[in-house]
Structure formats: C-alpha cells, structure tokens
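Below is one structure, written out as structure tokens; the observations come after it.
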Amino acid sequence: MSYRIPFNRPCLAGNEYRYIAEAIANGHASGDGPFTRKCHELLERELGVPRVLLTTSCTHALEMAALLLDCGPEDEVIVPSFTFVSTANAFALRGARLVFADVRPDTLNLDESRLEALITLRTKAIVVVHYAGVSCEMDSILAIASRHGVRVVEDNAHGLFARYRGEYTGTFGCLSTQSFHETKNFTCGEGGALVVNDAELLERALVIREKGTNRSRFFRGEVDRYTWVDLGSSYLPSDLLAAFLYAQLEARETIQEKRRRVWNRYYESLADWAESNDVKLPLIPPECEQANHMFYMLLPSFEHRDSLISQLKAQSILSVFHYTPLHLSEAGLKFAAGPSNCPVTEEVSERLLRLPFYNDLSENEQDQVTAAVTNSRFRSLSRQAS
C-alpha cells in the first residue's frame with residue numbers, strides 16, 4: 001500500500017548522481033576506493049576520532065565489535081532490551097550470553113541507575129544505544145564500566161553528530177557503530193561504520209574487516225604477500241555506495257537543519273494537545289544536543305496507540321510503532337544469561353508511536369500530519385478507557 005504521506009522517504013542531497021558517475025569512471029567500484037577514503041577522512045576530522053571504517057551495515061559494524069572484544073561463550077554482554085535486534089544479535093553470534101537492561105522512562109535510554117546491579121565477573125561489555133539520537137548518561141555509564149574493568153560499545157545508529165556535554169556521541173566507548181540505512185539522517189541505502197576510538201584495536205579491526213587477512217599491511221608494503229591471520233568477513237561496502245554517502249555527508253549541515261526544523265515544528269504543534277491528552281513528547285536533557293533522528297510520542301495506552309495508527313492510516317498517513325522487547329522474544333529468551341526484569345521497556349513499547357519524518361517533509365505535509373493527530377478521536381477513547 002502506498003501512502004500519501006509515508007513514514008520515511010529517502011532524500012537526495014544533490015551530488016549523489018555525479019559522485020556515483022565519478023566512482024564508475026575511477027574504475028574502482030569495490031571497497032576502499034577514493035570515495036570510501038573521502039568518507040573516512042570527513043568523519044574522522046569532524047568527530048575527532050582516530051579511525052572510521054565504513055561497513056556494509058551497522059549490523060556488520062556491531063559484529064566486528066564483538067569479534068574485536070573476543071566475546072565468547074564464557075562472557076556476558078549487557079544490552080538494552082529496547083533496541084533493534086542487531087544490537088544483541090552481534091554478540092549472541094559469538095556465543096556470549098545476553099543480559100537485558102531496562103531503559104529510563106524519560107529518554108528511553110539504558111537506565112544507568114540499574115546498570116551496576118547487572119554486572120558480574122563474566123561481563124565483557126556494556127552496549128549502549130543513544131535512542132532517537134539523544135545521548136545516554138555517559139558520565140555515569142563510563143564510571144561504572146571503569147570500576148569493573150568492562151568495555152563500553154556505543155550503538156550510535158540514531159545519533160551521528162549528536163552531542164553529550166559538548167562531545168559527539170560515538171566517541172566515548174572503545175568502539176562505536178553508525179548506520180547509513182535509508183531511514184537514517186544520512187544514507188546510502190544500506191551502510192554503516194565502525195568508529196575505532198581505542199587505537200590498540202585498529203590493526204585487528206583492519207584485519208577483521210578484510211576477511212581476516214593482513215591485506216592492509218600488504219598494501220602498506222609491510223609484508224610481501226597477504227594471508228589469513230584471524231577471523232573476519234567481507235565488511236567493505238562498494239565505493240559506489242560510498243560515493244552516494246559522501247554526497248550526503250558533504251551536505252550534513254543542510255540536512256541537519258532541515259531535520260531540526262521538522263522536529264521543532266512537530267513539538268511546537270503538538271505540545272498543547274499532548275499536555276491535554278496525557279501524551280508524552282520526547283525529552284531532551286539539557287546536557288544533550290540531539291541528532292533530530294525521529295519524532296515519537298508516548299500514548300496513554302496500547303489502545304490509544306493502536307487507534308491513532310489506524311486513524312492516520314485511514315487518511316493515508318503512515319505512522320509506526322518501534323521496538324518490541326528483546327527480552328521477551330523467542331531468541332532473547334534463548335540467548336539470555338538469566339531472567340530479565342525490564343518493566344519500563346514492556347510499557348513504552350506498547351505506547352510509542354513514531355510520526356512521518358524525513359529530510360524533505362514539507363510544512364504542508366507536516367501540517368496534515370499534526371491536524372490528523374490533534375483532530376483524532378482521542379478524547380472519546382480516553383473517556384471509554386476511564
């Protein structure tokens with residue numbers, strides 16, 4: 001079914017076609033070509049990090065992180081239950097047992113006040129997710145991790161160019177991952193990146209990314225031939241994808257400003273309605289500068305959420321829910337280290353609704369969305385519930 005106003009629409013920044021043509025003309029369409037290097041250099045410069053490595057997806061970047069940290073069957077990895085399956089799957093693939101953490105009711109980020117109780121002698125890593133591009137409380141999380149000698153990995157799929165206390169998200173943990181899926185602020189359709197903040201992990205990251213070979217050392221002239229030296233896989237994206245992505249990253253300020261306007265317009269248009277109807281809008285803590293990745297609402301109940309999705313659908317407007325609790329899923333139960341207690345995750349997953357959000361969402365389209373929300377049969381449903 002096509003919608004008059006879709007949930008997401010991939011948008012061009014301007015130079016995508018030209019750069020793809022250049023990539024073809026370069027005669028290097030496979031991985032680590034000229035445009036891949038341009039993306040690496042831009043992100044390393046802007047984020048101020050030692051190394052960025054493009055990958056075929058954020059999922060693959062997470063799998064690389066699990067390999068780099070030598071996660072295995074004797075280890076436990078703490079992950080939020082309210083996240084996409086890739087966050088957990090990457091570590092379960094290595095045999096690690098998952099410890100599911102609950103989230104805060106305000107930002108929907110990992111609840112740092114309940115984190116320390118989840119750490120055991122088997123804990124190898126803590127994986128945080130900056131939900132909706134709003135940073136977790138990294139000061140507290142890093143302090144807890146340091147006390148226990150545990151590494152921190154940031155799943156920053158939502159948060160490129162977001163900040164926490166003035167520093168970019170994705171620069172706090174030893175490793176972080178980015179997503180360039182078509183639903184993200186910057187896209188190449190499918191793509192991701194591993195950000196290596198611990199320089200000691202870099203050389204092995206290059207090996208893992210190159211199918212477990214020391215190919216990078218060969219091209220640097222350090223060995224006379226390359227061979228298989230470690231576990232790895234084919235994680236390099238085509239330079240054609242990197243060309244598309246580079247056009248998007250070049251236009252980062254324009255893209256972010258467009259998304260900022262969309263987010264602010266939603267908030268301003270819906271604030272009074274939300275307050276009158278017991279609906280919670282996103283909270284941005286004062287120490288955080290968000291990435292304007294999405295706009296969500298927490299409805300009073302599952303029934304309210306389901307009804308509003310249906311009413312918007314009837315007007316050809318696509319709104320969607322988000323994650324279902326991983327700790328209650330079939331695989332989550334199978335790979336968990338033990339019983340999980342995540343009541344906030346269970347509650348918010350039934351009440352959260354995401355509104356259409358993309359770079360070129362026009363004011364007229366957005367006004368149609370907010371009018372459909374504020375004119376919905378919401379009050380009558382509230383009376384029935386009471």
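Please list 3J(HN,Hα) in residue order for segment 211-225, calculated via the Karplus relation 6.51 cos²θ - 1.76 cosθ + 1.60 where θ = phi - 60°; whole Hz, with x for glycine and proline.
Once θ is set to phi - 60°, the couplings for segment 211-225 become 6, x, 9, 9, 4, 4, 5, 4, 5, 8, x, 8, 9, 8, 7 Hz.
What's the magnitude of the charge dipole for segment 127-257 around its Cα centre, counting Lys and Arg as +1 and Asp and Glu as -1 at the beta-carbon? Answer in Debye, nearest 20.
The dipole of segment 127-257 has a size of about 300 debye.
With θ set to phi - 60° and the Karplus curve 6.51 cos²θ - 1.76 cosθ + 1.60, what are the ³J(HN,Hα) couplings of segment 281-291 in order, to the nearest whole Hz, using x for Gly and Pro?
Going residue by residue, I get 9, x, 9, 10, x, x, 7, 10, 10, 7, 8 Hz, with x marking Gly and Pro.
Convert 20 °C to kelvin, take the viscosity as 1.002 mPa s, use the Kirkwood radius over C-alpha pairs of segment 163-233 as Rh, and evaluate the Stokes-Einstein diffusion coefficient in µm²/s, rounded to a whole number.
153 µm²/s
Taking the beta-carbon count within 10 Å as an exposure proxy, list VAL229, VAL196 from fewest neighbours to most.
Lowest count first: VAL229, VAL196.
Answer with one residue from CYS71, LEU47, PRO34: the one whose Cα lies farthest towards the positive end of the charge dipole of segment 21-72, charges on Cβ with Lys, Arg +1 and Asp, Glu -1.
PRO34
Can you sort HIS327, HIS28 by how many other beta carbons sit within 10 Å, fewest first?
Listing HIS327, HIS28 from fewest to most nearby Cβ atoms yields HIS28, HIS327.
For the pairs LYS38/LYS334; LYS38/LYS211; LYS124/LYS184; LYS184/LYS280; LYS38/LYS313; LYS184/LYS313, note any where the Cα-Cα span goes beyond 32 Å.
LYS38/LYS334; LYS38/LYS313
Starting from the Cα of LYS258, draw a straight line to each of the aspartates and glutamates and keep only those under 13 Å, dropping any in the same chain fewer than 8 residues away.
Partners within reach: ASP360, GLU363.
Just need the relative contact order of the chain here, percent rounded to a whole number, with Cα pairs under 8 Å and 6+ apart.
In percent, rounded to a whole number, it is 23.
Bin all alpha-carbon pair distances of segment 122-161 at 5 Å intervals from 0 and give each bin's fraction as a whole percent.
For segment 122-161, the binned pair fractions read 6, 24, 30, 21, 12, 6, 0 percent.
Computed over the Cα atoms of the chain, what is the ratio Rg over Rh, Rh following Kirkwood?
Radius of gyration relative to Kirkwood radius: 0.98.
Restricting everything to alpha-carbon atoms, can you work out Rg to Rh for segment 252-385 with a Kirkwood hydrodynamic radius?
1.01
Ordered by residue, what ³J(HN,Hα) values in Hz, to whole numbers, does segment 5-21 give under the Karplus form 6.51 cos²θ - 1.76 cosθ + 1.60, where θ = phi - 60° and Gly and Pro are x?
Couplings: 10, x, 5, 9, 9, x, 10, 7, 9, x, 9, 4, 5, 5, 6, 5, 4 Hz.
Based only on other Cβ atoms within 10 Å, what is the fewest-to-most ordering of CYS136, CYS288?
Ordered by Cβ neighbours within 10 Å, fewest first: CYS288, CYS136.
Restricting to the chain, what percent of DSSP beta bridges are antiparallel, rounded to 5?
Taking every DSSP beta bridge with both residues in the chain, the antiparallel ones total about 55 percent.
State to the nearest 20 debye the size of the charge dipole of segment 252-385 about its Cα centre, where the only charges are +1 on K and R beta carbons and -1 on D and E beta carbons.
Dipole of segment 252-385, to the nearest 20 debye: 240 debye.
Got a sec? Charge dipole of segment 182-270, +1 on Cβ for Lys and Arg, -1 for Asp and Glu; which of GLY212, LEU236, GLY192 is way out at the positive end?
So the residue furthest toward the plus end is GLY192.
Quote the charge dipole size of segment 246-295 about the Cα centre in Debye, to the nearest 20; the model charges only the Cβ of Lys and Arg (+1) and of Asp and Glu (-1).
I would put it at about 220 debye.
Provide the FRET efficiency to the nearest 0.05 for the SER234-ASP367 pair, computing r from the beta carbons and using R0 = 56 Å.
0.75
Throughout, read-outs are computed from the coordinates displayed, never taken from laboratory work. In this text the structure is predicted, and so the values were computed from the model without any measurement. Please note: Cβ atoms are built from the backbone with ideal geometry, for glycine as well, and neighbour counts cover all protein chains shown.
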